[in-house]
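This report refers to the structure that appears directly beneath it.
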Amino acid sequence: MHKRTLLTALSLVALAAVVAATATAAANRKTASKRANSPVQVEVFAPRTGDVAGKQSKGFFVDLALRYPSLAASGADFQLTGPATHQNQAPFPGTFAAGVDEKVPGLIVLLSTTTVGARNGQNLANLFNLTGFTNQKTNEIWDTWIVGAPSFGKNVRSVLRVAIAADKNKDGIYNDAPAVVPDSNHDGRINAVDLNAYGVASNIAVVPFEIRD
């Protein structure tokens with residue numbers, strides 16, 4: 001009797017594992033399909049999932065690739081900028097402050113541990129320093145930020161979320177990012193639920209990592 005019970009239990013465990021694997025595979029296929037069908041593709045090079053980034057809780061990179069249906073649809077332009085005297089300087093002037101980046105006007109960048117502005121709902125896209133056109137064949141733009149101040153949590157686990165806002169004004173250009181992402185469900189946390197509620201034209205890249213001294 002004991003042997004039969006053990007075999008039955010093992011069979012149920014094996015069946016549960018198969019069901020779980022099938023469900024996971026289906027979910028992954030659905031996510032991959034949604035990502036592939038998005039007009040804009042977002043890829044995060046840095047940080048990577050699980051990275052322990054920075055020194056003195058600053059000096060780490062947020063590095064992105066963005067692929068659009070066309071370069072014109074991106075609404076993007078060159079920039080090489082930074083804080084104080086570094087902004088609005090030749091050869092590629094740009095402003096520098098939290099909010100919407102006029103050089104990549106559809107970009108939404110959130111860090112869950114942000115301590116400035118609207119905190120975890122604050123769009124950080126206009127803090128990016130370097131924007132360039134990488135590959136005209138794929139309409140690819142690279143965008144890079146070196147975090148210059150410990151304003152995004154000290155010795156904390158953080159989550160980076162990146163997306164491109166939907167073309168909300170229907171002008172054919174992805175230039176409708178908000179300065180602050182609204183908390184659609186009023187739970188105090190800005191995440192994929194709120195980004196989807198606002199409207200996105202891309203996959204939502206999600207990268208959990210650590211910021212450390």
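Here are the numbers:
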{"quantity": "For the stretch 77-213: accessible area per residue (Å², 1.4 Å)", "calculated": "45"}
{"quantity": "Packing-based order for 121-128, 88-95, 171-178, using average beta carbon neighbours within 10 Å, highest first", "calculated": "121-128, 171-178, 88-95"}
{"quantity": "Calculated from backbone phi, Karplus (6.51, -1.76, 1.60) coupling profile of the stretch 162-170 in Hz, x at Gly/Pro", "calculated": "9, 7, 10, 5, 5, 6, 6, 9, 6"}
{"quantity": "Trypsin sites (Lys or Arg not before Pro) restricted to the stretch 64-137 and DSSP loop, no more than 14 other C-beta within 10 Å", "calculated": "K137"}
{"quantity": "Note, ³J(HN,Hα) from phi for the stretch 103-109, Karplus 6.51, -1.76, 1.60, rounded to Hz, x at Gly and Pro", "calculated": "8, 9, x, x, 6, 10, 10"}
{"quantity": "Point-to-point label distance, A205-R157, nm (Cα→Cβ direction, 7 Å offset)", "calculated": "2.2"}
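The values are calculated or read from the model by the stated rules, or taken from the named source; none is laboratory data. Just so you know, these numbers come straight off a predicted model, no measurement behind them. Cβ atoms come from the backbone with ideal geometry, glycine included; neighbour counts cover every protein chain shown. The accessibility values were calculated without ligands, DNA or RNA, using every heavy atom of the protein model including side chains. Shrake-Rupley method; radii C 1.70, N 1.55, O 1.52, S 1.80 Å.
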